[in-house]
């Protein structure tokens with residue numbers, strides 16, 4: 001053993017409880033059962049627990065432990081059994097692979113009758129229980145020593161058979177540990193892929209850019225097991241700044257400039273990630289605040305050769321370092337996030353371009369349809385003014401003025417149509433679709449769904465959508481707007497005044513322009529028309545709309561004598 005003060009492993013120290021196997025008395029059978037018990041576990045903590053259990057059970061050791069080591073020989077996880085919990089808490093540390101423990105071979109085992117008599121023994125750490133007989137073996141994953149098995153305090157000492165058993169168990173444990181690591185790596189990779197898909201979905205759905213960056217950092221920190229995640233993005237003058245951070249010491253990182261030539265700059269420019277075992281112990285860290293962290297991982301946010309930024313994942317000093325497999329999955333996640341980010345930027349640019357195109361279209365419509373007509377009207381009025389100054393016949397002047405007024409009215413209608421198309425999101429939809437939406441919206445006011453029937457040349461519309469297209473070809477946009485307004489007004493009147501139990505809307509399009517017609521009927525089974533009506537603004541508008549299209553409008557009692565029938569008809573233009 002070593003009397004040196006070991007590293008703090010409060011997160012890696014865990015006891016083992018429970019019975020591992022039921023011994024049969026046959027050494028070979030018991031060994032095979034123990035190997036199967038270890039190999040049956042998929043998750044690494046369970047593998048280590050089971051391995052310690054069966055090792056103590058098969059050899060009869062009072063104390064058993066496995067010490068997982070990093071590349072420097074320092075303990076990262078210490079799983080034990082036999083030591084009282086109170087004593088283990090006072091120790092609170094796992095041992096270094098030094099002293100007697102440092103003499104455990106990579107192959108084979110170290111068997112001692114009394115480890116205190118070994119020349120390498122350096123004393124016990126504080127609160128460590130005294131031990132005599134000892135058996136130790138290395139657990140290898142491939143050619144690397146993953147950890148060491150410690151067994152101690154067997155009555156009568158350990159035997160050669162115990163040594164053979166432990167070596168076989170260690171080999172089986174190495175395979176089980178490898179499988180558990182592969183399983184954990186596959187699970188992490190799945191989490192990274194799922195996280196990348198979520199980020200891509202959020203960005204493409206139009207989430208705010210800052211919210212998306214915050215979600216990228218928080219997700220990466222959670223999936224990687226890091227204490228801190230930061231995003232370094234290009235800023236003014238091409239400099240690289242940490243724009244966003246999440247987790248431990250996040251506030252101290254935000255706004256930090258990543259100096260040129262540092263790790264983040266190298267990752268950004270070369271497009272390849274890198275892992276650092278400890279920033280606090282490195283001599284090449286150029287940003288002072290980064291020395292507050294231990295293990296670090298830098299992954300480029302890059303797509304199609306374009307660097308968007310750098311994802312930086314950090315752990316506290318003394319924490320486990322990142323593995324190369326962690327970097328591979330983090331780079332894949334960062335690439336997905338970068339691609340989604342670039343696509344979101346492209347979509348935003350496309351939206352801006354579409355908005356500019358729409359503004360240009362509106363400007364053209366206003367110029368061609370309204371301003372030009374108003375300009376012509378101004379010239380007509382100027383002509384009238386000049387002729388009036390020369391004493392021209394008043395009748396001729398009146399004709400010119402009336403024509404100018406008609407042009408002004410036409411210009412006003414054109415402007416109104418343009419404004420209405422901008423305000424009404426359904427203006428680009430077809431007549432049938434807009435009528436269905438009106439019927440759906442009226443359900444709230446009526447308390448029930450009105451009936452809607454649309455026919456073309458006396459036949460109901462088909463389900464393939466072709467009849468709807470033919471109907472839209474016959475009904476002009478201005479007439480479509482008026483037809484929708486008529487149905488809306490009819491349903492609103494029924495909701496306000498009729499107290500009806502049912503309302504039926506029929507829209508019939510027959511023939512083609514200029515002799516064809518569109519006929520709308522809105523019939524309810526309510527109270528009917530009141531004896532006197534003071535407000536007629538709504539029905540007056542309906543009459544005006546019908547007049548503009550050379551049609552008619554009537555409002556009266558339904559043919560069956562119950563309820564109201566609104567009839568509106570116009571010529572196809």
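The values are calculated or read from the model by the stated rules, or taken from the named source; none is laboratory data. Model, not experiment: these values are computed from the prediction. Here the Cβ is made from the backbone with ideal geometry for all residues, glycine too, and neighbour counts use every protein chain on show.
Taking (1) surrounded by 14 or more Cβ atoms within 10 Å (Cβ to Cβ); (2) touching a helix residue (DSSP H, G or I) at 6+ places or on another chain (Cβ under 9 Å); (3) within 19 Å of residue 437 (Cα to Cα) in turn, residue 462 satisfies each apart from (1). Within region 448-463, restricting attention to residues that are touching a residue at least 12 places away in the same chain (Cβ under 8 Å) and outside any strand (DSSP E or B), which residue is nearest to residue 572 (Cα to Cα)? Here the answer is 457.
The condition of being surrounded by fewer than 17 Cβ atoms within 10 Å (Cβ to Cβ), within 29 Å of the chain's Cα centre (by Cα) and closer than 20 Å to residue 220 by Cβ holds for only one of 252, 269, 303, 256, that being 252.
Entry remark, region 139-174: residues being over 17 Å from residue 61 (Cα atoms) and either more than 53 Å from the chain's Cα centre (by Cα) or not in a helix (DSSP H, G or I) (or both) number 9 in total.
Of 56, 65, 61, which residue is under 17 Å from residue 162 (Cβ atoms), modelled with pLDDT of 80 or more and in a helix (DSSP H, G or I)?
56
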